[in-house]
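The values are calculated or read from the model by the stated rules, or taken from the named source; none is laboratory data. Predicted model, so just to flag it, every value in this text is computed and none were measured. Virtual Cβ from ideal backbone geometry, glycine too; neighbours counted across all protein chains shown.
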Amino acid sequence: MKSLPVETATAADAVAVIDALMLAFAGDPMARWSWEDPALYLATFPRMAQAFGGAAFERGTAHRIGHAGAALWLAPGVHPDGEKMGALMAETIPPALQKDGEKLMEQMNRFHPQEPHWYLPLIGIDPAHQGKGLGGALLRHQLAICDRDGAAAYLESSNPRNIPLYARHGFEALGRIQAGSSPTMVPMLRKPQRRT
């Protein structure tokens with residue numbers, strides 16, 4: 001694949017972007033722990049992605065790279081729709097996992113920075129296009145804005161395979177998020193970096 005530019009994804013692009021993210025997260029440990037049944041995963045992921053990062057489409061902070069992948073960034077002061085996320089979790093996560101899911105959310109809230117920052121709820125590349133540097137291109141695009149504005153960036157990595165990518169782009173692990181039988185998530189913070 002030749003190099004593709006990073007573009008702003010609009011509300012009109014939301015379905016295609018979320019479809020690409022759904023492919024990217026199909027093997028994600030946390031997503032599949034939450035929705036092990038494939039039909040349930042396919043039915044739920046688009047709604048969860050919209051609640052988690054959909055505000056990015058409205059605010060011009062959703063980025064895509066062709067149809068291969070996307071990153072949904074939330075600017076300082078913009079938050080996921082916690083009410084919708086909670087309702088979806090209650091409706092779709094198996095009862096045996098509900099308590100662990102609540103504990104995970106509590107831990108996520110504890111690690112989330114209090115100072116103004118950019119939050120990356122979702123980034124993913126369609127597996128057919130992984131390993132081509134597209135995830136790095138999406139990160140560099142927004143992180144250049146963070147550095148220009150002197151802003152921190154924060155994410156939770158739900159897949160251990162992605163931690164080295166985030167570390168190469170300046171993110172540092174803050175700890176671990178885990179409850180009961182869940183996989184481990186790693187909260188990561190990147191302080192703004194000066195360009196020399």
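Is the stretch 84-94 home to any residue that is within 21 Å of ALA62 (Cα to Cα) and of a type outside the set (A, V, I, L, M)?
The answer is yes; a qualifying residue exists.
Pairs needed: first member in the stretch 8-31, within 14 Å of ARG64 (Cα to Cα) and in contact (Cβ under 8 Å) with a residue 60 or more places away in the chain; second member anywhere, outside any helix (DSSP H, G or I) and among the aliphatic types (A, V, I, L, M); C-beta distance under 7 Å; at least 6 residues apart or different chains.
Cβ pairs passing all conditions: ALA9/ALA62; ALA9/ALA70; ALA20/ALA68; ALA20/ALA70; LEU21/ALA70; LEU21/LEU122; ALA24/ILE125.
Part of a strand (DSSP E or B), crowded, with 19+ Cβ neighbours inside 10 Å and at pLDDT 95 or above - does that describe any residue in the stretch 43-60? Write out each step before concluding.
Quick first cut of the stretch 43-60, residues part of a strand (DSSP E or B) only: none.
No, there is no match, as no residue in the stretch 43-60 is part of a strand (DSSP E or B), crowded, with 19+ Cβ neighbours inside 10 Å and at pLDDT 95 or above.
For the stretch 61-83, indicate whether the set of residues that are modelled with pLDDT of 95 or more, within 18 Å of ILE18 (Cα to Cα) and part of a helix (DSSP H, G or I) is non-empty.
No - not one qualifying residue is present in the stretch 61-83.
Hey, GLY131 hits all of (1) assigned to a helix (DSSP H, G or I); (2) without any contact (Cβ under 8 Å) to a residue 24 or more places away in the chain but one; which does it fall short on?
(1)
Could you pull out the residue among ARG161, ARG140 that is surrounded by fewer than 20 Cβ atoms within 10 Å (Cβ to Cβ), in a helix (DSSP H, G or I) and free of Cβ contacts under 8 Å to residues at least 12 places away in the same chain?
Only one candidate qualifies: ARG161.
From LEU165, LEU174, grab the single residue that is closer than 21 Å to ALA26 by Cβ and among the hydrophobic types (A, V, I, L, M, F, W, C).
It is LEU165.
Which of the residues that make up the stretch 96-151 are of a type in the set (Phe, Trp, Tyr) and touching a Cys at 6+ places or on another chain (Cβ under 9 Å)?
TRP118
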